[in-house]
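*Asks:* The structure follows.
Values in this text are rule-based calculations from the coordinates and carry no lab data. Bear in mind that the values here come from a model prediction, so they are computed numbers and not experimental data. Neighbour counts are summed over all protein chains in view; Cβ atoms, including those assigned to glycine, are modelled from backbone coordinates with ideal geometry.
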Amino acid sequence: MSFPLRRRRRLRFPGVLAILAILAVLPVEGVAQIPYARLAGSDAEPDAWLTYSGNYRSERFSRLDRIHRGNVHRLRPAWIHQTGTGGRVEVTPLVADGVMYIAEPPSTIAALDARTGRRLWRHDPGVPDETLNIGFPRVNRGVALLDDSVFFGTLDAFVMALDRSTGDVRWRVPLGDNRIGVAITAAPLAVDGKVIVGMSGGEAGVRGFLDAYDAGTGERLWRFWAVPEPGEPGGDTWEGDAWKTGGGATWLTGSFDPELGLLYWGLGNPAPDWNGDLRPGDNLFTCSLVAIDVETGELRWHFQFTPHDTHDWDANQIPVLVDAEWEGSPRKLVILANRNAFYYVLDRETGQFLRATEYSRQTWAERIDENGRPVLIPGMDPSEEGTLVWPSLAGATNWYSPAFDPNRRLLFVPTREMASWYYKSDAEYEPGTPFLGGGERRVVDEETFGAVRALALDGSLEWEFRQLTPAVSGVMATAGDLVFSGTQEGNIFALDADTGEALWDFHAGGQVRAAPMSFALDGEQFISVAAGQSVFTFGLAPDASPAEQP
């Protein structure tokens, strides 16, 4: 369905970077190209949304300002794409050259006309009904674009490349064995000639890894193992054969610094999840952020947020890369609001710990010491009778994307205030079955709520916008002084980026379990976000009021 909007064309005079970006899209053999230079310079092309988190720094910040706090009340649905599927739609759409690329559950890819929502092509890879998805839903969170191809992963653990114009298959290679629980739910990250792909399967006791594939041929170029073997760096943090079933899935899209040539990827929890007795030690590199050489797959540095995790607090939250002054000197930083309820600042060149700040209620650590290691509160591990701990299994935040406003130096974090009872039990590894060692029961009471929180670079709270239920939706900020997100109840909303005041709300009729994005066509800005089984695209309705100011 489509609701046409009045279009007002504006003349704009792009700078040098924008001109280079425009030249990069000139047709080659009948299809507009998306070369690596265009991805690396995406800030010069705000009309497009070319990577999962908006740019390689994972800011999820739109530099478009045509929708702003003075006119956001005029947002209306421009068109709605109904996937026709029964599963969760958690995709972040990508938009390039007037075409929107989306993933539909469990692993179908579609190209839509970004002006109308009309489907241009659709590819269903034929995921078998018996495909294993242990510990996670049957979802696909998106695609990657590079040159004239679309890249994605399937729930049954294949990596695929499609022709951007037709949706025809260019190559298809296996990432792992779904019979033991390996799957793909994350959007890949495309860099210079490579496609970086993470995997799911930690709750099945799969040993986690991160792969790089040749974008042209599908040949695997390298594999980084999230859990080291004995004798390798970090191998001494495991005992016996526990490393073979150690978890550490790489199930969310990371970030990339082209200048340093480093990928920044969050790693999942160790397995079994809740019974740490079966895997003594810190269990590296689970619950860590790793910096990986993009050319070789070699580890440059790591930082572990939650050593010997027993609460299933993955570190798969998206790292945001920031260049800023820190304590009087310019520094290359990586910041991350972790599932364990602490916000962290690290040096992204060396991995040096700089600061940790509690941003949500937690009852498991007395503090974070000067080296970044938590000082534990005794008695907070899971037990047979149950142990009540804040935050809950889903954490103080989760995979839901944060957003960083580079002008305000604020990180907007979808936050969950919730506790769980954690239980411990025996666990025996059997391929293709859950390997958990316990369970959890969430507590829903008057102390349970959600919020979008605005954190300064040092972790201090600038403002919060409270929600009735814990957050399950990502966040996007814009140069129009707005922050967009959604709720479990199906509301899509916009906040004032300076105050957190609610400025606009739309009830979509289905849970918002994805992150918003923005693009522009014909001089008009649009906001898109998945809700329920649909993708909603909003634009400004015709202006019937006096002139509005940003």
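*Asks:* Ratio of Rg to Rh for the stretch 16-540, alpha carbon only, Kirkwood? Please report the intermediate quantities before stating the final value.
*Replies:* Values: Rg = 21.4 Å, Rh = 22.8 Å.
That ratio is 0.94, to two decimals.
*Asks:* Given 0.36 nm per residue, what is the gain on full extension from residue 113 to residue 259 after removing their alpha carbon distance, in nm?
*Replies:* Between residue 113 and residue 259, full extension yields 49.1 nm more.
*Asks:* Hey, quick one: spin label on residue 239, modelled 7 Å out along Cα-Cβ, who in the stretch 303-323 has an amide N within reach, i.e. under 12 Å?
*Replies:* From the stretch 303-323, the list is empty.
*Asks:* Further, regarding this structure: Set the Förster radius R0 to 30 Å, insert the Cβ-Cβ distance between residue 358 and residue 293 as r into 1/(1 + (r/R0)^6), and round the FRET efficiency to 0.05. Kindly include the intermediate steps, with their values, before the conclusion.
*Replies:* Values: r = 33 Å, r/R0 = 1.09.
Computed FRET efficiency for residue 358 and residue 293: 0.35.
*Asks:* To continue, here is another question. Once label points are set 7 Å from the Cα along Cα→Cβ at both residue 120 and residue 407, what is their separation, rounded to one decimal in nm?
*Replies:* 3.0
*Asks:* Counting other beta carbons within 10 Å of each Cβ, put 232, 440 in order, fewest first.
*Replies:* Working: 232 13, 440 22.
Ascending number of Cβ neighbours within 10 Å: 232, 440.
*Asks:* Let me ask you something else. Please find the FRET efficiency linking residue 192 to residue 488, where r is the Cβ-Cβ separation and R0 is fixed at 35 Å, and quote it to the nearest 0.05.
*Replies:* Values: r = 39 Å, r/R0 = 1.12.
For R0 = 35 Å, the calculated efficiency reads 0.35.
*Asks:* Going Cα to Cα from residue 244, which lysines come in below 30 Å? Please leave out same-chain ones fewer than 8 positions away.
*Replies:* Partners found: 194, 424.
*Asks:* Okay, moving on. How many nm separate the modelled label positions at residue 219 and residue 433, each set 7 Å beyond the Cα in the direction of the Cβ?
*Replies:* Once both label points are built, they end up 4.1 nm from each other.
*Asks:* Quick one: which residues, 5 or more positions from residue 149 or on another chain, have an amide H under 5 Å from its amide H? H modelled 1.01 Å from N in the peptide plane, none for Pro or chain starts.
*Replies:* Answer set, sorted by chain and number: 164.
*Asks:* If each residue of separation counts as 0.36 nm, what is the full-extension length gain between residue 541 and residue 73 once their alpha-carbon separation is subtracted?
*Replies:* Length gained between residue 541 and residue 73: 167.6 nm.
*Asks:* Scan around residue 200 for amide H atoms under 5 Å from its own, H built in the peptide plane at 1.01 Å from N, and keep only partners 5 or more places away or cross-chain.
*Replies:* 183, 184, 185
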